[in-house]
Every structure is written in C-alpha cells, then in structure tokens.
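**Student:** I have a structure I would like to understand better, so I am pasting it below and will then ask my questions one at a time.
The values are calculated or read from the model by the stated rules, or taken from the named source; none is laboratory data. Just so it is clear, the structure is predicted and the values come from calculations on it, not from any experiment. Cβ: placed from backbone, ideal geometry, glycine included. Neighbour counts: every protein chain shown. SASA here: full protein model, heavy atoms, side chains in, ligands and nucleic acids out. Shrake-Rupley method; radii C 1.70, N 1.55, O 1.52, S 1.80 Å.
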Amino acid sequence: MATHQVLIAGQWRNSDATQTFQASDPRAATSIAEDYPVSSWSECEAALDAAGVAYAQLREMPGESIADFLEAYAARIDARSEEIRTIAAKETALPAETRLVGELARTTGQLRAAASATRSSAWQMPIIDSANDIRSCFGPLGPVAVFGPNNFPLAFGSISGGDFAAAIAAGNPVIGKANSMHPGTTRLLAEEAQLAAEETGMPAGTVQLIYRISHADGEKLAQDSRLAAIGYTGSRNAGLVLKQAADSVGKPIYLELSSVNPIVVLPGALKERGDEIANELTGSCLMGSGQFCTNPGLIIVQNNADGIKFIESVSTQFNEQPVGTLFSLSGQNGLQAAVDTLTSAGATLVCGGTAGGGEGYSFSNTVLKVAGQQFLSHSEQLQTEAFGGSTLIVVSDSIEQTKAIIEALEGNLTGCIYSASDSTDDEHYNQIVPELRQRVGRLLNDQMPTGVAVSAAMNHGGPFPATGHPGFTAVGMPGSINRFAMLQCFDHVRSHRLPAILQDSNPNQVWRLIDGNWSQGDVTPRSTD
C-alpha cells in the first residue's frame, strides 16, 4: 500500500518517513486502510526553508492578491463539498448531510471574511501622528505552523480553518500539521488550497502539509527560528508542552486548550422555566456527542426543590437520548478517565458513567452532581474537562456560595447566567456577574454556549486555560488576524518608502493624531515645513 504524499514547496512528494499511521472509522471502531507518513525532521526543515522563501515574496504582495487566493480556495472547497464531507464523515462520524454541511459553509465563510478583511486592510489598523511624522500599522509576521483539532476537521482544520485563514490574511505562509484523526479530509483540503494558490499566482510554499511528527520534533519545530508563530487547538497537556518550547525562544503561540463553560441557573429562572432549561442543556451537552469546546460542562443550581427537580429532569432527558459516537478510542478512554477523576474528588453519578452504549467508540450520556462545599474543597479536580456527552451539576447552598464557586473557577471560553424574565433574579445577577465576567471570554444570558458565530464581534478566547492569552480571539475577522501580525512603526520615513497603507496618497481610512486629539479619516499630505 502506497503512503500518501506530503505537500512541501508547492509540490506533492513522497515522504522519507520510516513510520506510518492510519486513521480510524469511529462507527466501525476499525482502522481505515490508508497509510500516512510520520514526517522526519528533514521534512520539517524542508517545509521551514520553503516557507521562508514564500514569505519573502508574500510580504511584498498586495492584499488584493492574497484575497483572490482565499476566495479561490473557498470556491474550490464548495465545488468539492460532497467528497470532502464524505471522507470527513467516515473519519469523524460527524453527519455528512447535517453537521458537516454547516461546518463546510462556515469554513468557506471564514475564508471569504478573511479575504474581505485583507482587501480592506482593516486588520492593519494604520495610525498617523502628523505632528511628529510617526506612522504605524500591523504587517505580516512570518511563517506560521497550525496544529488542527480533532473535533472540527474543516472550520478549525490546520489547512482550512480560522487560524489558517487569519495567518494567510496577514501575509504569512502556513505549515499545516494535520490532526491524526482526519488526515484524509485534510489532504483533500490541501489539494484544493494548492490548486487555488497556483491559479492565483501565490508563491510555492504558501500552503504546506505534513500529517504527523514525533513529539520531540514538535518541540524542535516550535523552537526553530525559521518559524514566526504557532496556532494550536487541542489537549491541554500537549499544548503546554509546545508552549514551553515556544516560550523558551520568545515565540508567539496561540492556544485553545480546555474549557468547562460554566452556566449559572438562578433561582427565579429555575422556578419559572426549569424544565425548559433542562431541555436546552440536554441538547447542548449531547450535540455532536458533546465534542465541542463550548460544551456546557459545569452547571450551578440552588439547593432547593426546584434545583432537585432540575437535576432529575436533566437525568431523565440524558437517559432518553441516544448515545453518540466519539471520534476515537482515545476519546472514549479520556472521557472515562475524566469521569473517574470527578468521582474520586467527590462527585456522584446521577446517570451514565460507563463506556459503550452507542455505535463504535462511545460513552453513556453522563450527569454527575456535587455539593457546593465539596466543589470548593476540590475545585481543581472538579473542573476536569470531560470531553463528551457529560456534565457536572454543582448544588449551591446560597448566592454567596455560588459567588465563591465562580471565584474558584479557572479561565473559560464562555460563561452563562440564566435569570428570571422579571426582575426577581436581578440582585443575584449583579452579585455574581462581575466575577464571572473576569473568567470567561464570552458572556451569555439565557442561552447555551454551544456554537460560535462567525462574526467580527465574536470572541472565541478567554483566560488560561481556555487559551494561552486572554487578549485574542480565534474566531472573527479582522480581530483574529492580528495574532499573526507584528506592529511596525515608521519614524520620519520618506513617503515613497512607506507601506502603501501609510502613504499620503492612500485612500483608506486611518487613525490620525493631531494636536493631541484622535480622529479617523483620509490621509492628508504631510507638511513639508
């Protein structure tokens, strides 16, 4: 059986790998008979060298050309949609005609949004201080490596997702490291990316793909001076290893690691519509077999009759829903380990808690509960992310204890408060929201957090360990682009030597500092006094 080729320097070529791996069919719980290479360090070096050559050309290209590539790539994905979704469904067990239709549309939407941001130059944030003849804007940073996750093979994929689109939009070449659970999907996407690059005259090496490397080579890659930045979505342990390597050489690395996405259901909301909220929670927790980074994994309710009824309702609905298929055996084992950690720290099973029950790799729909004081005594262990159809309900004795529980939380991507439709919960809301606001990237009211809209206003980020830095988003253009950009300042640089965005003749809107006051408007010629 031939081993699939890697994409390096604009060419598909045979790998020099001495080891290979195979993806799995999660529903059948068997391997897929296609071999993919575990690339050697020499292939990493070849990709790094090619990316450097591509970057030297990309940084001189107008944004219009990069936008053309992104749009051409999006069009090619749309044209090959059925084949891409079919292989993605086989490798991930995600439904080809529902979930993957939406994810593919989101993927191409992100690419087109990145193209629009690139064409408008909005992400560059040009600033002109006329009085001092100082100008600044964001510019490309250099070659970027993107490590894709298991749960979104398209919209967060290493060769098609938000990190990829943002890095390319800033004028950086991307070395994609495929996720081992869906290498075939990533290969098809890379084929279309390379064809789009050729069609639009992009430099060879703008897009490159390797499938897997050793842990040691991953750390070596993170430290290599030829690489400017890293985007990573995946497990906390592996991400922190890469972060340590990148930090040791001062390299930016943007991580999405772990989140339990706390939800507080206040007493008035429980009394008013507890069953309705239980239904929403069940749908959110079990969607996609619970394999979403925004899956609500920690729910705080009051210790009263309404709270007990709510737990019973959630348990009943979890038991009634079919058990979904997980991405892999490692995912199944990881979910079991997380549940074991939660129960060893004092949580009790309300339902589920065992492997199996569904097609292929699976784990029973699981609800756990724990008393508020027990949570406070073992808050670190009880915030273990159980990545799958599982949630932990914390039963709080008072609003003061609820506030203390929130204060004990780590950083998260999202946090939500359900409150009564009248004003009965407003005082409690005001007591807890300042603490929750500091611990989440996105704050919601009265809706589950599952799903992330592709919007310029979206923040898909948050304090550690949700991400590696609370100041950046992985979703939303142009905000996500600036992760892979550097702030470039020009002090008394002659006009014709400036980037086009900062030249006097540029028609774009820029921020100007005049006599100590900020305004936004067209660039006006500099005084020659």
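**Student:** With a 1.4 Å probe and every protein chain left in place, work out the accessible area per residue of the stretch 204-308 in Å², rounded to a whole number.
**Tutor:** 34
**Student:** Just to confirm a number: summing +1 for Lys and Arg and -1 for Asp and Glu over residues other than ALA178 whose beta-carbon lies under 14 angstrom from that of ALA178, what do you get?
**Tutor:** -3
**Student:** I'd like the accessible area for THR341, computed on protein heavy atoms only with a 1.4 Å probe and all protein chains in place. Round to 10 Å², please.
**Tutor:** Result for THR341: roughly 50 Å² accessible.
**Student:** Given 25 °C and 0.890 mPa s, compute D for the stretch 100-161 with the Stokes-Einstein relation, Rh being the Kirkwood radius over Cα pairs; round to the nearest whole µm²/s.
**Tutor:** Approximately 174 µm²/s, per Stokes-Einstein.
**Student:** Taking the 0 to 90 degree range and rounding to the nearest ten, how far is the long axis of helix 99-120 tilted relative to the main principal axis of the chain, both from C-alpha atoms?
**Tutor:** The helix 99-120 is inclined about 40 degrees to the chain.
**Student:** Just to check, using Stokes-Einstein with a Kirkwood Rh over alpha carbon pairs, what's the diffusion coefficient of the stretch 168-208 at 20 °C and 1.002 mPa s in µm²/s?
**Tutor:** Translational D for this selection: 197 µm²/s.
**Student:** Here is a follow-up. Only Cα pairs under 8 Å and at least 6 apart count here; give the relative contact order of the chain as a rounded whole percent.
**Tutor:** About 17 percent, as a whole number.
**Student:** Could you pull out every one of the lysines with an alpha carbon less than 27 Å from that of LYS220, ignoring same-chain neighbours closer than 8 positions?
**Tutor:** Partners within reach: LYS177, LYS243, LYS251.
**Student:** Per the helix-only calculation at 222 nm, which mean residue ellipticity applies to the chain, given -39500 (n - 2.57) for every DSSP H run of n ≥ 4 and division by its residues, nearest 500 deg cm²/dmol?
**Tutor:** Calculated at 222 nm, the ellipticity per residue is -12000 deg cm²/dmol.
**Student:** At a 1.4 Å probe, what is the % contribution of carbon and sulfur to the accessible area of the stretch 210-282?
**Tutor:** Solvent-exposed carbon and sulfur of the stretch 210-282 make up 49 percent of the total.
**Student:** How long are the semi-axes of the ellipsoid equivalent to the stretch 9-151, from square roots of 5 times the Cα gyration tensor eigenvalues, in whole Å, largest first?
**Tutor:** Semi-axes from the Cα gyration tensor: 36, 23, 13 Å.
**Student:** Shape call for the stretch 396-448 from the C-alpha gyration tensor, a ≥ b ≥ c root eigenvalues: rounded (a/c under 1.5), prolate (a/b greater than b/c) or oblate?
**Tutor:** Here the stretch 396-448 falls in the oblate category.
**Student:** Can I ask one more? So if R0 is 41 Å, what FRET efficiency would ARG226 and ALA28 give, r being the distance between their Cβ atoms, rounded to the nearest 0.05?
**Tutor:** So the FRET efficiency works out to roughly 0.50.
**Student:** Between LEU329 and SER455, what's the calculated FRET efficiency when r is the beta-carbon distance and R0 is 30 Å? Round to 0.05.
**Tutor:** With a Förster radius of 30 Å, E is 0.25.
**Student:** Fully extended, how many nm does the chain gain between ASP129 and LEU487 (0.36 nm per residue separation, minus their Cα-Cα distance)?
**Tutor:** In short, 127.4 nm is gained.
**Student:** Here's something else I'd like to know. Put +1 on the Cβ of each Lys and Arg and -1 on the Cβ of each Asp and Glu in the chain; which of SER214, ILE300, ALA347 then has its Cα farthest toward the positive end of the dipole?
**Tutor:** The Cα lying farthest towards the positive end belongs to SER214.
**Student:** Please get the size of the charge dipole for the chain, origin at its Cα centre, with Cβ charges of +1 on Lys and Arg and -1 on Asp and Glu, quoted in debye to the nearest 20.
**Tutor:** About 660 debye.
**Student:** Here is a follow-up. Where the centroid of each part is defined by its Cα atoms, how far is the stretch 446-491 from the stretch 210-256 in Å?
**Tutor:** 19
**Student:** Sticking with this structure for a sec: With no solvent and one equal point scatterer placed on each C-alpha of the chain, evaluate the Debye formula and give log10 I(q)/I(0) for q = 0.08, 0.12 Å⁻¹, two decimals.
**Tutor:** Result of the Debye calculation: -0.55, -1.11.
**Student:** Give the long-range amide H neighbours of GLU256: residues separated by 5 or more places, or on another chain, with amide H under 5 Å away, using H modelled in the peptide plane at 1.01 Å from N.
**Tutor:** Here TYR232, THR233, GLY234 satisfy the definition.
**Student:** In addition: Report relative contact order for the stretch 172-275 in percent, whole number only (criteria: Cα-Cα under 8 Å, sequence separation at least 6).
**Tutor:** It rounds to 22 percent for the stretch 172-275.
**Student:** Is the stretch 14-84 best put as rounded, prolate or oblate by its Cα gyration tensor, with a ≥ b ≥ c the root eigenvalues, rounded for a/c under 1.5, and otherwise prolate when a/b is larger than b/c, oblate when not?
**Tutor:** oblate
**Student:** Right, here's the next one. With +1 on the Cβ of every Lys and Arg and -1 on the Cβ of every Asp and Glu, and nothing else charged, how large is the dipole of the stretch 187-302 about its Cα centre, in debye rounded to the nearest 20?
**Tutor:** Value, rounded to 20: 420 debye.
**Student:** In addition: Answer with one residue from ALA122, PHE387, ALA456: the one whose Cα lies farthest towards the positive end of the charge dipole of the chain, charges on Cβ with Lys, Arg +1 and Asp, Glu -1.
**Tutor:** ALA122
**Student:** Taking the solvent-accessible surface of protein heavy atoms with a 1.4 Å probe, what is the per residue accessible area of the stretch 11-86 in Å²?
**Tutor:** Accessible area per residue: 47 Å².
**Student:** Considering only protein heavy atoms, what is the solvent-accessible area of ILE399 at a probe of 1.4 Å, reported in Å² to the nearest 10?
**Tutor:** Rounded to the nearest 10, the figure is 10 Å².
**Student:** Filter the trypsin sites (Lys or Arg not before Pro) in the stretch 431-501 to those in DSSP coil with at most 16 other Cβ atoms within 10 Å of their Cβ, and list the result.
**Tutor:** Listed in order of number, the matching sites are ARG494.
**Student:** Expressed in nm to one decimal, what extension gain is obtained for the pair THR348 and SER214 from 0.36 nm per residue of sequence separation less their Cα-Cα distance?
**Tutor:** 44.4 nm
**Student:** Let me ask something else about it. Report the net charge of residues surrounding GLY476, where surrounding means a beta-carbon distance below 15 angstrom and charges are Lys +1, Arg +1, Asp -1, Glu -1.
**Tutor:** Net of charged neighbours comes to +2.
**Student:** If you don't mind, there's one more thing I want to ask. Where both residues lie in the chain, what percent of DSSP beta bridges are antiparallel, nearest 5?
**Tutor:** Percentage antiparallel, nearest 5: 40.
**Student:** With a sphere of radius 14 Å drawn around the Cβ of PRO296, what net charge do the other residues whose Cβ falls strictly inside it have (Lys, Arg +1; Asp, Glu -1)?
**Tutor:** -2
**Student:** Continuing with this model, one more query. Order CYS293, CYS489 by their accessible area, 1.4 angstrom probe, all chains in place, largest first.
**Tutor:** CYS489, CYS293
**Student:** Under a plain spin-label model, where a point goes 7 Å from the Cα along Cα-to-Cβ, how far apart in nm are GLN447 and GLU97?
**Tutor:** The modelled label-to-label distance comes out at 2.8 nm.
**Student:** Could you pull the accessible area for TYR254 with a 1.4 Å probe, rounded to 10 Å²?
**Tutor:** Rounded to the nearest 10, that gives 40 Å².
**Student:** For the stretch 303-348 and the stretch 396-429, what is the centre-to-centre distance using only Cα atoms, to the nearest Å?
**Tutor:** Cα centroid to Cα centroid, the span is 21 Å.
**Student:** Any chance you could list P(r) for the stretch 251-319, counting all Cα-Cα pairs in 10 angstrom bins from zero, rounded to whole %?
**Tutor:** Percent of Cα pairs in each bin: 20, 46, 22, 8, 4, 0.
**Student:** With a/c under 1.5 counting as rounded, go ahead and sort the stretch 305-353 into rounded, prolate or oblate using the C-alpha gyration tensor (a ≥ b ≥ c being the square roots of the eigenvalues; past the cut-off, prolate if a/b is larger than b/c, else oblate).
**Tutor:** oblate
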